[in-house]
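Contents: one structure, followed by commentary.
The values are calculated or read from the model by the stated rules, or taken from the named source; none is laboratory data. If you're wondering where the values come from, they're calculated on a predicted model, not measured in any experiment. Methodologically, a virtual Cβ is constructed for each residue, glycine included, from the backbone with ideal geometry; neighbour enumeration extends over all protein chains shown. Keep in mind that these areas ignore ligands, DNA and RNA; they rest on the heavy atoms of the full protein, side chains included. Shrake-Rupley method; radii C 1.70, N 1.55, O 1.52, S 1.80 Å.
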Amino acid sequence: MIRDQRRFKFDWITIIIFLLLVGFGYVNILSASHVGEVTSYFDLDQSYGKQTIFIGLTFVLIILILSFEAKFYERFASVIYLAAILALVGLFIFGKDVNGARSWYGIGSMTIQPSEFAKFATALAVAKYISDMQTNMQTIKDQIKVTAIIIVPALLILLQNDAGSTIVYLAFFFVFYREGLQQVYLVIGLSLIILAVLGLKFGALIAGLVAAVVLTIAYFFRKKKRGSIFQYIIVLLVCIGFSYGVKLFYEHGLKAHQQNRISLWLRLEKDPAKLERMKKEEAYNLIQSEQAISSGGWTGKGFLEGTRTTGKFVPEQHTDYIFSTVGEEWGFLGSSFVVILFVALILRILFLAESQKSQFSRVYGYGVASILFIHFTINTGMVMGLIPTVGIPLPFFSYGGSGLWGFTILLFIFIKLDSNKINEW
């Protein structure tokens, strides 16, 4: 291990926000997972006892991360990425099935999830490739190569039946956009999402009609460089074909529970009997979560006083649905506090990223902010029913050692890189 003897200035604002999130998260894990009277905070039979150990080891991990030379992470980014890929591949041979997903290694009574660590490894690899002097994000060749860096771990995770973690890798396209990717890619991406939703909700023909209206307006308003009308017709046909393709994938490519989650989100089901059954099965967690949050009111019911939390109405509430505990016991004010903390953390990271002298550090910083943003947005949106149910944790908040350690490594590598900027020219 190499120690760096130069001067460092750690960003304590980021560190304090991290500590507040971990601390408040632990309080809510304790509330969501305790059974009766809490006799020991180190009771390993309880989730909060295990989380106590996880948090303790987190501080050891932080010291280890900060003890390495800042340039270590840039020099060995490719090696770290390769190790993460091998860990993901190894799951197909040595992995343990948990809730239908083969995403964990079993170590005694404990499990470890490599996908949580693959995120920071991918962020390092992306930063390493983009910051290379020979890389030009304006060229198709380099765009394909850097996209492949992202697709490989995302595909491996998807094959392990962990669609939620796969979605997180879309975060890197925000990084690409910051580093010079043409705006047209962002427009195309958003357009495809809108087309997919319209196609599922109203059918491919309606989606095609909307696309035709938008293209017609674009054709007549773009007097300069608007191209041939046949190009617009081809784009329209592609839009209609994409809408039909999404519908076919929804009906034949997704599993039943995935279809039901999307159906509930978009209100697609018309059969009252089937809709009621779906609410009791796929939507049970969501309904209980929404009721827990709404029952909290402005100030909440108080710590350990949430009836739905203590009554275990929300399954796995200490993990993906931890935000519902905040809503019930701490109310709108407590929920707002958590939202403000996450927004402040993400904005602070973006601010620090822009102040970096090294492109590697800047790109990595944007990767950290984008991953946290996607996790925070999807998790809170899922718990409140704003987006379909997707199983991903709330960073620094949800129960679990792999998630806590993965996000801690992700963040504190950037804190180390940022602290070294005063030594760079």
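Determine the pairs where a residue that is within 24 Å of Ile340 (Cα to Cα), located within the stretch 352-376, has a partner that is β-branched (Val, Ile, Thr) and open to solvent by 10 Å² or more (accessible area, probe 1.4 Å) with Cβ atoms under 6 Å apart, the partner being 6 or more residues away or on another chain.
Ala369/Ile346; Leu372/Ile346; Phe373/Ile346
Considering only the stretch 303-386, give the helices (runs of 4 or more DSSP H) lying wholly within it that have at least 1 residues that are open to solvent by 10 Å² or more (accessible area, probe 1.4 Å), among the small types (Gly, Ala, Ser) and over 26 Å from Trp265 (Cα atoms).
Of the helices (runs of 4 or more DSSP H) lying wholly inside the stretch 303-386, those with at least 1 residues that are open to solvent by 10 Å² or more (accessible area, probe 1.4 Å), among the small types (Gly, Ala, Ser) and over 26 Å from Trp265 (Cα atoms) span 322-354.
When you go through Ile151, Ile167 one by one, which is the residue that is surrounded by fewer than 22 Cβ atoms within 10 Å (Cβ to Cβ) and without any contact (Cβ under 8 Å) to a residue 40 or more places away in the chain?
When all the criteria are applied, what remains is Ile151.
Among the listed residues Leu198, Leu205, Leu209, Leu236, identify the single one that is under 27 Å from Ile262 (Cβ atoms), touching a helix residue (DSSP H, G or I) at 6+ places or on another chain (Cβ under 8 Å), open to solvent by 100 Å² or more (accessible area, probe 1.4 Å) and not hydroxyl-bearing (Ser, Thr, Tyr).
Going through Leu198, Leu205, Leu209, Leu236 in turn, just one is under 27 Å from Ile262 (Cβ atoms), touching a helix residue (DSSP H, G or I) at 6+ places or on another chain (Cβ under 8 Å), open to solvent by 100 Å² or more (accessible area, probe 1.4 Å) and not hydroxyl-bearing (Ser, Thr, Tyr): Leu205.
Which one is least open to solvent (accessible area, probe 1.4 Å) among residues in the stretch 90-120 that are among the hydrophobic types (A, V, I, L, M, F, W, C) and outside any helix (DSSP H, G or I)?
Ala101
Okay, residues lined up against (1) within 29 Å of the chain's Cα centre (by Cα); (2) touching a residue at least 24 places away in the same chain (Cβ under 8 Å); (3) outside any helix (DSSP H, G or I):
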position	(1), (2), (3)
Val213	no, no, no
Tyr232	no, no, no
Ile240	no, yes, no
Gly245	yes, no, no
Glu251	yes, no, no
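Anything in the stretch 171-190 that is surrounded by 14 or more Cβ atoms within 10 Å (Cβ to Cβ) and either under 22 Å from Gln259 (Cα atoms) or among the acidic types (Asp, Glu) (or both)? List them, or say none.
The answer is Glu179, and nothing else.
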